[in-house]
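The values are calculated or read from the model by the stated rules, or taken from the named source; none is laboratory data. Computed from a prediction, not measured in an experiment: that's the story for all the values here. Note that each Cβ is placed from the backbone with ideal geometry, even for glycine, and that neighbours are counted across all protein chains shown.
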Amino acid sequence: MRAPPLLKMIGFSLLGNSSLVVQPMIVGGLVDNLHFTERQAGFVASVELSGLSLGMLLLLGVAQWVPRSVLAGLAIATVVAANVSACLVHQFELMLIVRFVAGFGAAMALAVFLAMGASQPCPEDTFAVVNAISIAYSGVFSPIAPVILAVWRLPGLFLILAGVALLMFPLVSGLDIAAHSTGQPSLSPSTAANTKVARYPAQVVMLLMMMALLYTGHGAVWAYQQRIGVGLGLPVEEIGKWIGLSMLIGGVGGSLAAWRVSMRLGRMWPQLLSLSISSVAAILLVNGTTPTLFAVACGLIALSWFYGLPYQMGLLAAFDPRGRANMAGIVMTTGGSSAGPALAAVLVGYAGHVAIGALAATCYVLSLLLVLPSVIGRQRAITVEGS
């Protein structure tokens, strides 16, 4: 019996995000187990995201012509091979190459998920549900990761990531059938004309720039979140617990709130709320002096991140239901996510962790200034279409 489309979307979302959800623990393991410097570990995180970004960029023009089952199979094989190879690597340069390949495999998995998700009748709701489950997975994995690192070190973590990828093989069956039934929405000529990305070049470009800036901030904070906790003197196990709980409570809660509220608040208020909270949380994270403040900051970061994400992905899908804008958005988010740890790696050597909070908050404020014109432009287009 073939898995339903929602299960397939969840599976390939998990596969595409698997290594990213434990990236703070991988960064910590590179420092503690392989004795990389914090700067080197940050560059490894950045390069993995660069692989994901470049993969999405290359797939942007060809993913629609490659059978989804082929793309999914290649994604699984690449992620497994990269993570198994990472178990044998101890040198900085080789680790950069291996994690770049892992990021490229994740890009293929996300391309499958995005093509399916963007074509759903209400993409905001679909992305919210899938995100909630993906974040719950992250919330469960994060507290376990320090235990895995303590017992089996980095190879144990990489082998579990490879095992997660292997679990997705049963979901490959029927993907091409799902593409015919749900992959491309049937649009009337007038609706098709109104949803072409080319009709909204300014708003789409600004939205994509916003996604890049937003994830520059997210990437900087996420990659160094574990090290910020260590800087406060917190035990690694406690840091993993707080990051995991922040994902389970804040991340899942934010996604479920987006799903329940759906479009009742429109698209503007969710952006205002999520980006404002993100700015406050980033400053609180790097300036807090107690475990309680660290835990609260982690929760607010997860809440704001994953409450706003379904609306951002839904806005891209509204401009282009065929999923190309969403894939372009992933190029920008992964590009930003790779730039974030790299910038943070440079700044942390000069100004410490406080500079990471300042960088992230600046990115969030600029993101808000960029996203509002796209929201307003899309709302005007809907008004014109309905009149």
Any helices (runs of 4 or more DSSP H) falling wholly within region 77-196 and containing at least 2 residues that are surrounded by 24 or more Cβ atoms within 10 Å (Cβ to Cβ) and either of a type outside the set (Ser, Thr, Tyr) or at pLDDT 85 or above (or both):
92-118, 123-166
Residues that are over 16 Å from VAL164 (Cβ atoms) and of a type outside the set (Gly, Ala, Ser), drawn from region 132-153
PRO143, PRO146, VAL147, LEU149, VAL151, ARG153
Hits in region 231-261 (condition: among the aliphatic types (A, V, I, L, M) and either in contact with an Asp or Glu (Cβ under 9 Å, 6 or more places away or on another chain) or crowded, with 24+ Cβ neighbours inside 10 Å (or both)):
VAL236, ILE239, ILE243, MET247, ALA258
In the list LEU272, LEU207, LEU213, LEU265, which residue meets the criterion of being closer than 18 Å to TRP305 by Cβ, of a type in the set (A, V, I, L, M) and free of Cβ contacts under 8 Å to residues at least 12 places away in the same chain?
LEU265
Limited to region 233-267, what total is found for residues that are in contact with a helix residue (DSSP H, G or I) (Cβ under 7 Å, 6 or more places away or on another chain) and among the basic types (Lys, Arg)?
2
List every residue pair whose Cβ atoms sit under 7 Å apart, with the two residues 6 or more apart in sequence or on different chains, where the first one lies in region 94-109 and is of a type in the set (Val, Ile, Thr) and the second, anywhere, is modelled with pLDDT under 95 and outside any helix (DSSP H, G or I).
VAL98/VAL89
Flag if GLY357 is among the small types (Gly, Ala, Ser), within 21 Å of LEU49 (Cα to Cα) and modelled with pLDDT of 85 or more
yes
Qualifying residue in region 49-69 (condition: within 21 Å of the chain's Cα centre (by Cα), under 23 Å from GLY352 (Cα atoms) and surrounded by 23 or more Cβ atoms within 10 Å (Cβ to Cβ))
yes
Out of curiosity, is VAL280 modelled with pLDDT of 85 or more and more than 21 Å from ALA106 (Cβ to Cβ)?
yes
For region 309-339, enumerate the residues that are surrounded by 24 or more Cβ atoms within 10 Å (Cβ to Cβ) and either in contact with a Pro (Cβ under 7 Å, 6 or more places away or on another chain) or β-branched (Val, Ile, Thr) (or both).
TYR311, MET313, GLY314, ALA317, ILE330, THR333, THR334
